[in-house]
1. Name every residue in segment 49-73 that is more than 11 Å from ligand 1 (Cβ to nearest atom), touching a Lys or Arg at 6+ places or on another chain (Cβ under 7 Å) and not hydroxyl-bearing (Ser, Thr, Tyr), in order of residue number.
2. Report those helices (runs of 4 or more DSSP H) wholly inside segment 63-159 carrying at least 2 residues which are free of Cβ contacts under 8 Å to residues at least 40 places away in the same chain.
3. Is it the case, given these coordinates, that Asp192 is more than 22 Å from Glu300 (Cα to Cα) and either of a type outside the set (S, T, N, Q) or in a helix (DSSP H, G or I) (or both)?
4. Of all residues in segment 1-52, count the ones that are in a loop (DSSP other than H, G, I, E, B) and either in contact with a Pro (Cβ under 6 Å, 6 or more places away or on another chain) or surrounded by fewer than 15 Cβ atoms within 10 Å (Cβ to Cβ) (or both).
5. For the structure I just gave you, tell me whether Glu85 is surrounded by fewer than 21 Cβ atoms within 10 Å (Cβ to Cβ) and either over 26 Å from Ala197 (Cβ atoms) or at pLDDT below 95 (or both).
6. Arg152 fails exactly one of the following numbered conditions: (1) out of contact with any Asp or Glu (no Cβ under 8 Å at 6 or more places or on another chain); (2) open to solvent by 10 Å² or more (accessible area, probe 1.4 Å); (3) more than 16 Å from ligand 1 (Cβ to nearest atom). What is the number of that condition?
7. Considering each residue of segment 300-328, count those that are more than 19 Å from the chain's Cα centre (by Cα) and either within 17 Å of Val120 (Cα to Cα) or hydrophobic (A, V, I, L, M, F, W, C) (or both), and give that number.
8. Of all residues in segment 269-286, which are more than 16 Å from ligand 2 (Cβ to nearest atom) and open to solvent by 20 Å² or more (accessible area, probe 1.4 Å)?
Amino acid sequence: MKNRHFVTLLDYEQEEIQELLNLSKRLKKLKRKGERHAFLQGRNVALLFQKDSTRTRCAFEVAAYDLGMGATYLGPSGSQMGKKESIKDTARVLGRMYDGIQFRGHRHEDVEGLAEHAGVPVWNGLTDRFHPTQVLADFLTIEETFGSLKGRTLAYVGDARNNMGNSLMVGAARMGMHFRSVAPRTLWPEDDLIKQARQLAESSGGSVELHEDKWQGTRDADVIYTDVWVSMGEPEEVWRERISALSEYQVDSELMANASSDAIFMHCLPSFHGKDTDVGAQIASLFGEEYPRVKDGEMEVTDAVIESPCSKVFEEAENRLHTIKAVMLATMSDKRIEDE
Ligand code: CP
Ligand code: NVA
């Protein structure tokens with residue numbers, strides 16, 4: 001995978017994704033044992049963020065340091081990119097100084113443009129369309145829980161056409177999983193992407209289904225996954241329509257009980273499950289009376305579910321580090337790490 005970009009899972013074969021997951025497990029072991037693994041000593045990476053981040057930024061930075069690299073963070077303000085300098089020029093400048101570039105931003109075309117012109121590996125840390133490094137962490141977590149991905153059913157409940165809905169659909173189809181989008185029809189993924197995912201599922205032995213009925217869509221699923229109803233970059237005005245469309249799709253204990261008896265709950269985070277965030281408190285006061293489900297600031301998931309033993313959200317968050325480290329190592333070198 002040396003010198004490859006990591007922009008969408010559509011570009012990676014099933015065996016390659018599995019290889020990245022296996023490498024992540026080995027790197028996780030080294031980290032846990034406190035063994036030095038500075039395999040990319042002396043290299044440098046640029047981390048470009050047009051949107052906020054906790055997990056992705058920290059995972060890239062810590063992974064870079066653990067691998068012996070230097071890292072430069074460029075935030076939503078403070079660089080020339082996009083305002084006075086095109087993506088193409090930015091790519092050619094940074095490509096001459098750095099050995100790899102992470103991009104988080106709005107337009108998916110921008111990460112593709114960087115990849116086209118940088119001359120070094122470019123990693124997608126989230127665009128409006130896809131969030132592939134998150135899916136690797138999610139798959140590692142599912143493997144750690146159930147032993148394997150193939151044949152497992154993942155029901156994604158909520159805004160099924162956002163970056164997480166799209167990426168999980170494509171990734172699950174690639175890995176031979178049974179994927180279900182559970183959402184009102186207006187929030188289903190684009191037809192073309194569904195078609196592509198179904199083609200992948202056909203060759204992997206998986207399947208892709210779309211459900212408006214949340215009971216049918218979550219029945220006996222192994223994984224119930226959800227994400228925020230309004231994503232970064234969307235205007236505040238969409239909150240009302242999104243709450244109206246999705247409040248009945250809130251993941252609560254009753255919905256979890258409809259899944260398999262050993263089902264797990266997953267969420268990429270950050271998540272609204274109480275009034276202890278500015279947005280949670282604001283939504284509760286603005287919409288709580290009209291939509292009782294959000295009156296305590298709980299939106300896509302209830303506090304009881306996210307705090308329950310079946311919730312794997314913090315395992316997923318930790319796995320961002322190990323999987324992002326694997327992506328950088330695999331695309332920047334041909335170093336192989338064997339299991340002892
Ligand atoms: N899940 C995720 O990408 O989180 P951040 O926005 O904190 O990076
Ligand atoms: N769909 C969310 C994912 C955050 C990790 C967003 O884009 O804001």
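The values are calculated or read from the model by the stated rules, or taken from the named source; none is laboratory data. All values reported here derive from a predicted model rather than from experimental measurement. Because the Cβ atoms are built from the backbone with ideal geometry, glycine has one as well, and the counts that use them run over all protein chains shown. Quick note on the areas: whole protein, heavy atoms, side chains included, nothing else; ligands and nucleic acids left out. Shrake-Rupley method; radii C 1.70, N 1.55, O 1.52, S 1.80 Å.
1. Gln50, Ala63, Asp66, Leu67, Met69
2. Hits in segment 63-159: 87-97, 108-118.
3. Here the answer is yes, as Asp192 does meet what is asked.
4. 13
5. Taking the combined requirement at face value, the residue satisfies it.
6. Single failed check for Arg152: (1).
7. Within segment 300-328, residues that are more than 19 Å from the chain's Cα centre (by Cα) and either within 17 Å of Val120 (Cα to Cα) or hydrophobic (A, V, I, L, M, F, W, C) (or both) number 3.
8. Scanning segment 269-286 gives Lys275, Asp276, Ala281, Gln282, Ser285, Leu286.
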